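The structure appears below as structure tokens.
A short reminder: the numbers here are calculations on the coordinates, not readings from a lab. None of these values were measured; they are calculated from a predicted model. Note that we place each Cβ from the backbone using ideal geometry, even for glycine, and neighbour counts take in every protein chain shown.
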Amino acid sequence: MKNTETLQVTTPTERELVITRSFDAPRRLVWEAWTNPKHLPHWMLGPPGWTMPRCELDLRPGGTWHFGWHHADGKDMEMRGTYREVTPPERLVSTESWGGNWPETLNTLVLTEENGNTTVTLTILYPSMEARDAALKSGMKEGMSLSFVRLDEHLASMAA
């Protein structure tokens, strides 16, 4: 069954962005897709044309992660962070930094399961409202939405 639910983005406080989306898959599978470098490059890609040649993570409190993307037109981008809390298969807290002028954020991922469906709630805490609003204007929502459509498809292949 294809999940037709759309990405929900809210701004509950001046510095927070909360992204919510449900998936037709058990929580353990969503956790695996989100935390295993074998799965992330299949779905965490944003708009078409991107690949993820770098996907390194040390999934433990104090461990680091580093993702790098390459676009067919030659552009590269990367982000990295440090895990603060790892509670499989329900909660992941980490810092995130894109480098350059982008500020570091604190990201809290919570996975809840009901009747075999998993709801992803990602809360991103920015250092200021201006930083949060700049992220919203960057095309982030559209890129995440496309990635989550791919995640739906990848979860179906993982369950098969």
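Computed quantities for the displayed model
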quantity	calculated
The chain - mean residue ellipticity at 222 nm from DSSP helices (-39,500 (n - 2.57) per run, n ≥ 4, rounded to 500)	-7500 deg cm²/dmol
Relative contact order for the range 99-160, counting Cα pairs under 8 Å that sit 6 or more residues apart, in percent	24
Max mean-square fluctuation residue, GNM over the chain, Cα-Cα springs under 10 Å, options GLU78, GLU114, GLU104	GLU114
Kyte-Doolittle mean at least -1.0 and Cα axial length at least 20 Å: DSSP H helices in the chain	140-159
Cα shape, the range 19-160, gyration tensor, a/c 1.5 rule	rounded
³J(HN,Hα), Karplus 6.51/-1.76/1.60, whole Hz, each residue of the range 12-17, x for Gly, Pro	x, 9, 5, 10, 10, 10
Placed amide H near ASN117: partners under 5 Å, 5+ positions off or other chain	none
Filtered trypsin sites (Lys or Arg not before Pro), the range 65-118: DSSP coil and at most 10 other beta carbons within 10 Å	LYS75
For LEU146, LEU136, order by how many other beta-carbon atoms lie within 10 Å, fewest first	LEU136, LEU146
Extension reserve of the ARG150-ALA134 stretch, reckoned as 0.36 nm per residue once the Cα distance is removed	3.3 nm
In sequence order, calculated HN-Hα J values of the range 111-127 (Karplus, 6.51, -1.76, 1.60; Hz; x Gly/Pro)	10, 10, 10, 9, 6, x, 9, 10, 9, 9, 10, 10, 9, 10, 9, 9, x
